[in-house]
1. Please name which of 17, 143, 164 has its Cα lying farthest along the dipole of the chain towards the positive end, using unit charges on Cβ (Lys, Arg +1; Asp, Glu -1) and the Cα centre as origin.
2. At 0.36 nm per residue, minus the direct Cα-Cα distance, what do residue 93 and residue 66 gain on full extension? Give it in nm, one decimal, please.
3. Name the long-range amide H neighbours of residue 79: under 5 Å, sequence gap of 5 or more, or other chain; modelled H, no Pro or chain starts.
4. Considering only the other residues whose Cβ falls under 13 Å of the Cβ of residue 118, what net charge follows from Lys and Arg at +1 and Asp and Glu at -1?
5. Would you mind checking which residues have amide H under 5 Å from residue 136's amide H? H placed 1.01 Å from N; only 5 or more apart, or other chain.
6. Using the Karplus curve 6.51 cos²θ - 1.76 cosθ + 1.60 with θ = phi - 60°, work out ³J(HN,Hα) for each residue of region 68-76 in order, rounded to whole Hz, and write x for Gly and Pro.
7. Taking K and R as +1 and D and E as -1, what net charge do the other residues with C-beta under 14 Å from the C-beta of residue 92 add up to?
8. Pop out the ³J(HN,Hα) list for region 24-31 in order, Karplus 6.51 cos²θ - 1.76 cosθ + 1.60 with θ = phi - 60°, rounded to Hz; leave Gly and Pro as x.
Amino acid sequence: MSGARDQGLAPIWHAQARLLILGSFPGQASLQSQQYYAHPRNQFWPIVSALLGESLMAQPYAERCERARLRGLAIWDVYASCERPGSLDADIQHAQPNDVRALVLQMPGLRAIAHNGGESARSMRLTQTLGPPVFRLPSTSPAHAAWSFERKLAAWREVFERAGL
């Protein structure tokens, strides 16, 4: 099945970033709003808010991203574009990867790379060659409901602490 090719979002980053979070590819809600993790049931922003100790969810998206960026967090996806009906990672076809290596080279203080979910983690063969330690985190997607918020938060906390956030 082949459909329209969707283009991903630009990275959120800063040269002094300490942790790069890599998702797979934005879901339909994120593509439509041009915002990372825009689905209302995605737990990314609530987890990041809890770990940074800031009420990011109460802030407009641009301010939320800026606060995360200034705190040392970089956000991107492993795929630049793909064909996918809907939002499920399992439906991604003909994916074109982002140049993660080039971004990492622009962040000399990077202490860790973390993959948000299994589809993103398929790129660990590449990211493990880039220098910083690489981790696979449980997906924040509403499709990954097997883990509770608290269990996901604990896993994410460990990686944030290792990255010095």
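No lab work stands behind these numbers, since they all come straight from the coordinates. These figures come from a predicted structure and were not determined experimentally. Cβ sites come from the backbone with ideal geometry, for glycine too, and all protein chains shown count toward neighbours.
1. Positive-end residue among those listed: 164.
2. Here the answer is 6.6 nm.
3. 98
4. That works out to 0.
5. Here 115 satisfy the definition.
6. The phi angles translate into 5, 4, 5, 7, x, 9, 10, 9, 7 Hz.
7. It works out to a net charge of -3.
8. Calculated HN-Hα couplings, in order: 8, 7, x, x, 4, 4, 5, 5 Hz.
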